[in-house]
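Trainee: Please see the structure below; I have some questions.
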Amino acid sequence: MDKEAHAWLQRYLRYLADERRYSGHTLSNYQRDLTRFAEFADSQNITQWSDVDTHLVRAYAAQLHRQGMSGRSLQRKLSAIRSYYRFLSREKQVRYNPAADVRAPKTARKLPSVLDADEVSRLLTNDRDDPLSLRDHAMLELLYSSGLRLAEIISLNNHDIDLAGGLARVTGKGNKTRDVPVGRMARQALRRWLQVRADIAGVDEVALFVSQRGGRLQPRSVQQRLRKWALQQGMDQSVHPHMLRHSFASHLLESSGDLRAVQELLGHADISTTQVYTHLDFQHLARVYDEAHPRARGGKKRPPK
């Protein structure tokens with residue numbers, strides 16, 4: 001690609017940052033995916049974005065597939081190319097979108113890992129009262145109570161929580177905000193944490209959850225603390241923050257059956273993303289059936305006549 005082509009790529013990334021308000025993590029993914037595609041175009045002697053055709057995009061997708069890339073990862077890369085060409089089309093730089101009709105091969109959707117109600121109860125048991133334990137307990141209660149993403153919980157500020165009203169204002173993907181309910185147990189844990197938060201928080205720090213040094217917690221720290229917490233609770237499985245979000249959605253859907261409400265609480269733009277939890281619910285029902293129904297229990301002796 002020539003200098004002008006690279007300049008348009010940088011302009012697009014600025015557009016995503018300034019106008020679409022994408023996170024640094026998302027911007028990094030777009031830059032990596034589009035740079036890799038530009039390098040492939042270079043190898044095919046393509047110097048302008050307008051010279052790319054559908055055949056080239058298909059060849060690129062085929063190469064990644066041969067290298068072992070999963071359908072889901074490939075779909076993300078093609079989505080980045082499609083989005084970029086929509087931008088170039090609006091800017092009158094290209095006549096059509098060469099990635100519009102290119103699709104990644106379908107792969108079986110991996111179901112998320114969840115904890116059952118007893119495991120959640122075990123994880124959220126806390127008999128310690130040191131500041132870091134109170135902080136961790138409040139975080140875990142809030143993750144499960146409100147189904148938050150890791151990025152959402154670390155971005156919370158003090159004024160985002162309304163304990164009296166039982167609500168939290170959350171900033172999710174695409175910088176979209178939503179109000180989510182905060183359950184009774186989470187409110188209790190948050191009150192205990194807020195009583196000691198000032199002991200370690202920096203003077204001007206507004207973050208709800210802070211590190212031992214007084215600043216906003218980082219994602220890596222939350223992941224490490226959760227793993228440590230699970231081990232202390234005697235759990236032998238690897239627990240990560242998103243597992244609590246998955247458990248929240250699965251348990252809520254199992255109890256209510258209201259897919260639209262769960263979608264809104266999770267902040268999913270597309271209900272198809274939420275529908276994965278219906279498969280988890282069906283798996284649970286299938287296990288109950290296999291364990292309880294007389295015609296499902298194999299190898300059992302028939303009752304006497």
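Trainee: Can you tell me how many residues in the stretch 12-24 are over 16 Å from residue 99 (Cβ atoms) and in contact (Cβ under 8 Å) with a residue 12 or more places away in the chain?
Mentor: Looking only at that region, the number is 7.
Trainee: Please identify the pairs in which a residue from the stretch 260-275 that is within 16 Å of residue 143 (Cα to Cα) has its Cβ atom under 6 Å from the Cβ atom of a residue that is at pLDDT 80 or above and in a loop (DSSP other than H, G, I, E, B), counting only partners at least 6 apart or on another chain.
Mentor: Hits for this filter: 265/147; 266/147; 267/172.
Trainee: For the stretch 178-190, what are the residues that are within 15 Å of residue 167 (Cβ to Cβ) and assigned to a helix (DSSP H, G or I)?
Mentor: Answer for the stretch 178-190, where residues must be within 15 Å of residue 167 (Cβ to Cβ) and assigned to a helix (DSSP H, G or I): 184, 186, 187, 190.
Trainee: Further question: Do we find a residue being within 23 Å of the chain's Cα centre (by Cα), outside any loop (DSSP other than H, G, I, E, B), at pLDDT 90 or above and not β-branched (Val, Ile, Thr) anywhere in the stretch 53-62?
Mentor: No, there is no match, as no residue in the stretch 53-62 is within 23 Å of the chain's Cα centre (by Cα), outside any loop (DSSP other than H, G, I, E, B), at pLDDT 90 or above and not β-branched (Val, Ile, Thr).
Every residue, every condition in (1) surrounded by 20 or more Cβ atoms within 10 Å (Cβ to Cβ); (2) in a helix (DSSP H, G or I); (3) touching a Gly at 6+ places or on another chain (Cβ under 6 Å), yes or no:
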| site | (1), (2), (3) |
| --- | --- |
| 121 | no, yes, no |
| 126 | no, no, no |
| 136 | yes, yes, no |
| 140 | yes, yes, no |
| 143 | yes, yes, no |
| 153 | yes, yes, no |
| 159 | no, yes, no |
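Trainee: Out of curiosity, is residue 174 out of contact with any Cys (no Cβ under 9 Å at 6 or more places or on another chain), assigned to a helix (DSSP H, G or I) and modelled with pLDDT under 90?
Mentor: yes
Trainee: When you go through 238, 250 one by one, which is the residue that is surrounded by 15 or more Cβ atoms within 10 Å (Cβ to Cβ) and either among the hydroxyl-bearing types (Ser, Thr, Tyr) or without any contact (Cβ under 8 Å) to a residue 12 or more places away in the chain (or both)?
Mentor: 250
Trainee: Which of (1) under 23 Å from residue 172 (Cα atoms); (2) surrounded by 15 or more Cβ atoms within 10 Å (Cβ to Cβ) does residue 19 not meet, given it meets every other one?
Mentor: Residue 19 satisfies every listed condition except (2).
Trainee: Continuing with this model, one more query. Assigned to a helix (DSSP H, G or I) and either on the phi > 0 side of the Ramachandran plot or at pLDDT 95 or above (or both): does that describe residue 34?
Mentor: yes
Trainee: Please work out which one of (1) of a type outside the set (Phe, Trp, Tyr); (2) out of contact with any helix residue (DSSP H, G or I) (no Cβ under 7 Å at 6 or more places or on another chain); (3) closer than 30 Å to residue 237 by Cβ; (4) free of Cβ contacts under 8 Å to residues at least 40 places away in the same chain is the condition residue 173 fails and give its number.
Mentor: So residue 173 meets the others, but not (4).
Trainee: Return the total of residues in the stretch 156-174 being over 14 Å from the mean Cα position of the chain (by Cα), over 20 Å from residue 261 (Cβ atoms) and not charged (D, E, K, R).
Mentor: 7
Trainee: Please tell me if residue 39 is under 24 Å from residue 151 (Cα atoms) and loosely packed, with under 12 Cβ neighbours inside 10 Å.
Mentor: no
Trainee: Can you find, within the stretch 69-97, the residue that is surrounded by the most Cβ atoms within 10 Å (Cβ to Cβ) among those that are under 23 Å from residue 26 (Cα atoms) and more than 24 Å from the chain's Cα centre (by Cα)?
Mentor: 85
The values are calculated or read from the model by the stated rules, or taken from the named source; none is laboratory data. Not measured: the values here are computed from a predicted model. A quick note on method: Cβ atoms are made from the backbone with ideal geometry, for glycine too, and the neighbour counts reach across all protein chains shown.
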